[in-house]
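Here's the structure we're looking at; comments come further down.
The values are calculated or read from the model by the stated rules, or taken from the named source; none is laboratory data. Predicted, not measured: the structure shown is a model, and the values here were computed from it. Every residue, glycine among them, receives a Cβ derived from its backbone with ideal geometry; neighbour counts consider all protein chains shown.
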Amino acid sequence: MNGTRNRLRHYSTASTSHFNQRILNLKHASGAAKVDDALQLFDEMLQRQPPPSIIDFSKLITLIVKIKHYSTALSLFKKINLMGIRSDLYALTVSINCHFRLNQVNYGLAVLATIFKQGHPPDLATYNTLIHGLVLADRVFEAVELFKKLLREKLCEPDQIMFGAVINGLCKVGHTSKALELLRFMEAGSCKPCVRHYSTVIDSLCKDKMVDDALQLFAKMTEKGVLASVITYNALIHGLCNFGREAEAAKMLRDMEEKGVSPGVDTFTILVNSFCKQGSVKDAELAVQAMVRRGLHPDVITYNALIDGYCLRGEIDKAKKVIDRMMEKELVPNIITYNSLLNGYCKKKRIDEARHLFQEIQDKGLIPDVFTYSTMLQGLFHSGNPAAARELFNKMQAKGQAPDIRTYHILFHGMCENGECCDALVLFRSMGNNRLMKDIGLYTILIDGCRKCGKHNFAMDLFDELILKGLKPNVRTYTVMITVLCQEGLFGKAKDLLRKMEENGCLPNSVTYNVIVQEFMKQKAFQEAEILLEEMINRGFSPDSTTFSMLLHLIPSIGQDSPMQTIIQKLTSIKGSDDRMLDSISGVIT
DNA sequence: CTAGGGTTAG
């Protein structure tokens, strides 16, 4: 009797270790066959008598979860349960995770109910899975509520992972200040924040345009002896770049290397992208050289940034050369690569080549996405073919690519640009009460579109309408509206609106002032133009080239002691002050 | 926590 049991146990252990070895082998395997191999192993395990334990099955299924085959994982759990093997807390927690990832939150919660029914209290890992899952499913509020309940009722002691999930959730929904509070709470307590927590909040602050606060937090973190990681630096470099602070970003790169943190391909890609966006592809190329010198290989994303940079400047041939360069490195251009190229053609109104490329993309087996269609739409409108554009707009929906807000911006702008503002308004009205009707950008496009079509009344009605709806006009909306009023000769109202926008917390910018000054000059309201010109200069804005040349043409016709004369003098002396921006940058990255 | 593409005022 005893001998039999021992032999059995011995046999069972041997088979388990056999499976364990194969599970371990699979763990380090990669490629497409991995799932198939795992499934085969699963079947073998299922047939084994006596069957392996739930622990062994969970090990295997966890591998399948890691490659994101959540529904497969769930079906395997179901199979073993049908075979009479009961899930333990670990297995149930993995199931919850799968349901959440599949956006089946309610099923996940049903599994939680099973956990309670089985009489095991959930452990920290279960709660972490729940909170993380709720955040992933965009149910951050519930995640935070659960977290608070756990704290309040002392159901568990939150660890760094739980704090991390909550901080991440708060940042995700834009409550960065709450995340910051939680970070302070951690600093004061026993579960101290680590780089990940700081990095999440730093990244979120940067995305909230509070780069300086992010830098402050970075300094504080360093003071506390927490070492920054590549991710921390990437967030800061990205934030700085987004606000044109490339020189500081480059300094940050230096700083990280001095501290022994190696920048990654992504770090350089951020810089490449940023240099391209602000028009300096030359610096972008230098950044690529710098990364290669460090033994890093530019990837598709890096090359795409460069290609986009060239396309934005209309240098399509150079962009194509970059594509050749990346293909030599055996990197395959993707839809994003071609979208940039398509955008290049469309912006240059090379519509035949754009159409050709659009076909070529599909011949290559790539599927045009919202970006592709939106870009092509814009090209068709821009080259004066609104009918073809409308047709494509229908086609994209038929092909299952739903237009997004930007597609609609392009559509309505395109229609108005082609004199179809009445059709645009009809279409706008027919769209019902969805998010589009509350989009201030779309209203701005329509107002300006009606203005360009000469329908000033429609423009003014739209403005009243958006105010009635409680929408907040932005600088662009006000600027367009001021133009409408000026062109109607309603100078008093235009000036009132200029004051009112400020009262509403929306400061006029350089474009606003240039537009109003130009309109006043066009209609020979020189006194008014002069006052506003003075005001704009005092606020640190300078006339654009149009305003400037209008002023120059005025010189012969105004008196020597006119105030306009002194303004012109003032202007000629500050000319040329903007040209020393980009020099410092190329020198910093070496 | 992790870099890339399409949109609106002169």
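Residue check: is residue A:381 near DNA strand B (Cβ under 8 Å from one of its atoms), aromatic (Phe, Trp, Tyr), crowded, with 19+ Cβ neighbours inside 10 Å and not in a loop (DSSP other than H, G, I, E, B)?
Criteria not met by residue A:381.
Does residue A:114 qualify as being within 16 Å of DNA strand B (Cβ to nearest atom) and among the hydroxyl-bearing types (Ser, Thr, Tyr)?
no
Of the conditions (1) under 18 Å from residue A:196 (Cβ atoms); (2) crowded, with 18+ Cβ neighbours inside 10 Å, residue A:115 clears all except one; give me its number.
It fails just one condition, (1).
Given the conditions (1) more than 16 Å from DNA strand B (Cβ to nearest atom); (2) crowded, with 20+ Cβ neighbours inside 10 Å, which single one is not true for residue A:534?
Tallying (1) more than 16 Å from DNA strand B (Cβ to nearest atom); (2) crowded, with 20+ Cβ neighbours inside 10 Å, residue A:534 fails exactly one: (2).
Report whether or not residue A:115 is out of contact with any His (no Cβ under 7 Å at 6 or more places or on another chain), more than 27 Å from residue A:217 (Cβ to Cβ) and β-branched (Val, Ile, Thr).
On the way: out of contact with any His (no Cβ under 7 Å at 6 or more places or on another chain): yes; more than 27 Å from residue A:217 (Cβ to Cβ): yes; β-branched (Val, Ile, Thr): yes.
Yes: the conditions hold for residue A:115.
Select from region A:154-174 the residues that are touching a residue at least 24 places away in the same chain (Cβ under 8 Å) and either in a loop (DSSP other than H, G, I, E, B) or more than 27 Å from the chain's Cα centre (by Cα) (or both) and list them in ascending order.
Within region A:154-174, A:155, A:156, A:157, A:158, A:159, A:173, A:174 qualify.
Quick check: is even one residue across region A:106-127 of a type in the set (Lys, Arg) and over 22 Å from residue A:36 (Cα atoms)?
Residues of region A:106-127 of a type in the set (Lys, Arg): A:117.
Checking the rest, the ones that are also over 22 Å from residue A:36 (Cα atoms) come to A:117.
Yes, some residue in region A:106-127 is of a type in the set (Lys, Arg) and over 22 Å from residue A:36 (Cα atoms).
Does residue A:516 qualify as being more than 30 Å from residue A:376 (Cβ to Cβ) and either at pLDDT 95 or above or within 14 Å of DNA strand B (Cβ to nearest atom) (or both)?
Yes, satisfied.
Which fully enclosed helices (runs of 4 or more DSSP H) of region A:388-457 have 2 or more residues being more than 13 Å from DNA strand B (Cβ to nearest atom) and within 28 Å of residue A:475 (Cβ to Cβ)? Talk me through it step by step, then tell me what you get.
Numbers: elements: A:405-417, A:421-429, A:440-452.
Answer list for region A:388-457: A:421-429.
Do you know which of the residues in region A:203-236 that are within 9 Å of DNA strand B (Cβ to nearest atom) and surrounded by 20 or more Cβ atoms within 10 Å (Cβ to Cβ) is nearest to residue A:167 (Cα to Cα)?
Selected residue: A:204.
So for region A:341-351 (the condition being surrounded by fewer than 17 Cβ atoms within 10 Å (Cβ to Cβ), within 8 Å of DNA strand B (Cβ to nearest atom) and touching a residue at least 24 places away in the same chain (Cβ under 8 Å)), does at least one residue qualify?
no
State whether the residues of region A:440-454 include one that is buried (at least 18 other Cβ atoms within 10 Å of the Cβ) and more than 17 Å from residue A:422 (Cα to Cα).
no
Give me the residue from region A:261-282 that is within 12 Å of DNA strand B (Cβ to nearest atom) and assigned to a loop (DSSP other than H, G, I, E, B) and, out of that set, nearest to residue A:300 (Cα to Cα). If you could, list the steps in order and put the result at the bottom.
Just the residues of region A:261-282 that are within 12 Å of DNA strand B (Cβ to nearest atom), to begin with: A:263-278.
After this cut, where a residue has to be assigned to a loop (DSSP other than H, G, I, E, B) as well, the list is A:263-264, A:278.
Numbers: A:263: 17, A:264: 14, A:278: 21 Å.
Per the stated criteria, the residue is A:264.
So which residues in region A:500-554 are in a helix (DSSP H, G or I) and under 33 Å from the mean Cα position of the chain (by Cα)?
Hits for region A:500-554 are A:500, A:501, A:502, A:503, A:510, A:511, A:512, A:513, A:514, A:515.
Could you figure out which of (1) more than 22 Å from the chain's Cα centre (by Cα); (2) outside any helix (DSSP H, G or I); (3) touching a residue at least 24 places away in the same chain (Cβ under 8 Å) isn't true of residue A:247?
With (1) more than 22 Å from the chain's Cα centre (by Cα); (2) outside any helix (DSSP H, G or I); (3) touching a residue at least 24 places away in the same chain (Cβ under 8 Å) applied to residue A:247, the lone miss is (2).
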